[in-house]
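Any read-out appearing in this document is the output of simple, stated calculations on the displayed coordinates, not a laboratory observation. Everything quoted here is computed from the prediction, not taken from an experiment. Every residue, glycine as well, gets a Cβ built from its backbone with ideal geometry; the counts of neighbours run over all protein chains shown.
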Amino acid sequence: MLTEDGELCAMIIQRLNQDSSWFLHWNNLRLIVDPWLVGSEVDGAPWLNEQWHVTDPVPPEQVPEADAILIAQSYNDHCHIPTLRSLPATLPILATRKAYNRLKRCFPDRKLLLIPDQGTPLNFRGFVFQAFRPAKRLDPVYFGVMVRPANAPCLFYAPHGFDLKAEEVAQLRETGVHALVTTFTDFRLPGIMGGHVNPGMEQVQALVRSLQPSHLLNTHDEAKQMKGLVARLAKVHYADLAAVQMDPALPFRPMPGYEPVHLPL
């Protein structure tokens with residue numbers, strides 16, 4: 001949002017579900033992030049992994065008016081095709097590479113914009129979007145995404161955590177990190193099924209030390225209902241958010257409900 005003098009003011013952010021769907025209103029940008037708002041999500045087949053929200057999300061018809069949709073990952077709990085079909089088809093979709101390739105097949109007639117993980121970043125409505133791709137070749141590949149207005153600190157969205165290289169830390173520190181949005185959950189599977197899917201609080205603490213964000217928000221931490229092989233094999237530990245809130249080293253902002261929250265600069 002802008003003040004009457006045209007200066008950048010607080011970011012407004014709102015949960016759309018209790019997992020990793022968000023609505024962001026910042027400056028002149030209104031952005032829906034990773035919307036999964038209807039039904040279940042299936043990875044591969046229901047016998048492998050099917051999940052449901054425990055707490056009802058915001059219904060698609062109640063999502064605030066937006067300028068675009070951001071899809072950070074290609075997996076169904078981020079790139080949820082039934083939800084995308086329920087949102088206005090006129091909204092451009094900004095997506096990291098693997099999600100972009102999937103969306104081209106699903107929505108050949110929609111406006112899709114690639115968020116590059118190398119080369120020139122994407123510029124959209126006065127904001128810079130850059131993807132961070134982890135140093136691995138095989139799935140699962142979980143991207144981080146930087147969103148920032150020109151000449152202002154950024155939001156760094158890493159719903160599966162992220163191991164930043166030294167040059168990436170330097171880039172983000174130079175920009176300044178207004179908000180770090182990342183998972184607090186430790187979620188582990190056998191290596192052949194994805195390994196350490198969410199890295200937990202140890203990495204949260206490392207990211208905060210490296211990036212020194214003004215605000216820390218947790219995401220992708222809903223204790224969802226699950227069935228299938230993943231549910232039987234997963235080892236999951238959810239962070240104690242009350243204890244996190246008491247840690248003076250972490251600028252944690254709890255957001256238990258669906259009310260919009262201002263994150264002052």
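List of remarks:
- Exposure proxy ranking for Met246, Met146, based on other Cβ atoms within 10 angstrom of each Cβ and starting from the fewest, stands as Met246, Met146.
- Convex hull per residue volume in Å³, alpha carbons only, for the chain: 129
- Taking all pairs of distinct alpha-carbon atoms in segment 211-265, Kirkwood radius in angstrom: 13.8
- Where the Cα pairs of segment 119-194 fall when distances are cut into 10 Å bins, in %: 17, 48, 26, 9, 1
- Counting only DSSP beta bridges with both residues in segment 11-253, the antiparallel share comes to about 65 percent.
- Here is the tail figure for segment 79-142: Cα pairs spaced more than 13 Å apart come to 66 percent of all pairs.
- Segment 62-177 pair-distance distribution - Cα-Cα, 5 Å bins, rounded %: 2, 11, 22, 24, 20, 13, 7, 2, 0
- Leu113/Arg133 FRET efficiency (R0 25 Å; Cβ-Cβ; nearest 0.05): 0.90
- Kirkwood-based shape ratio for segment 108-236, expressed as Rg/Rh from alpha carbons: 1.00
- The chain - mean residue ellipticity at 222 nm from DSSP helices (-39,500 (n - 2.57) per run, n ≥ 4, rounded to 500): -5000 deg cm²/dmol
- Net charge contributed by nearby residues that have their C-beta within less than 15 Å of Lys165 (K/R +1, D/E -1): -2
- Cα gyration tensor shape for segment 10-122, rounded if a/c is under 1.5, else prolate or oblate: oblate
- Across segment 148-161, coupling constants 3J(HN,Hα) worked out from phi with the 6.51/-1.76/1.60 Karplus curve, θ = phi - 60°, read 8, x, 4, 6, 9, x, 10, 9, 10, 10, 9, x, 10, x Hz, and Gly and Pro carry x.
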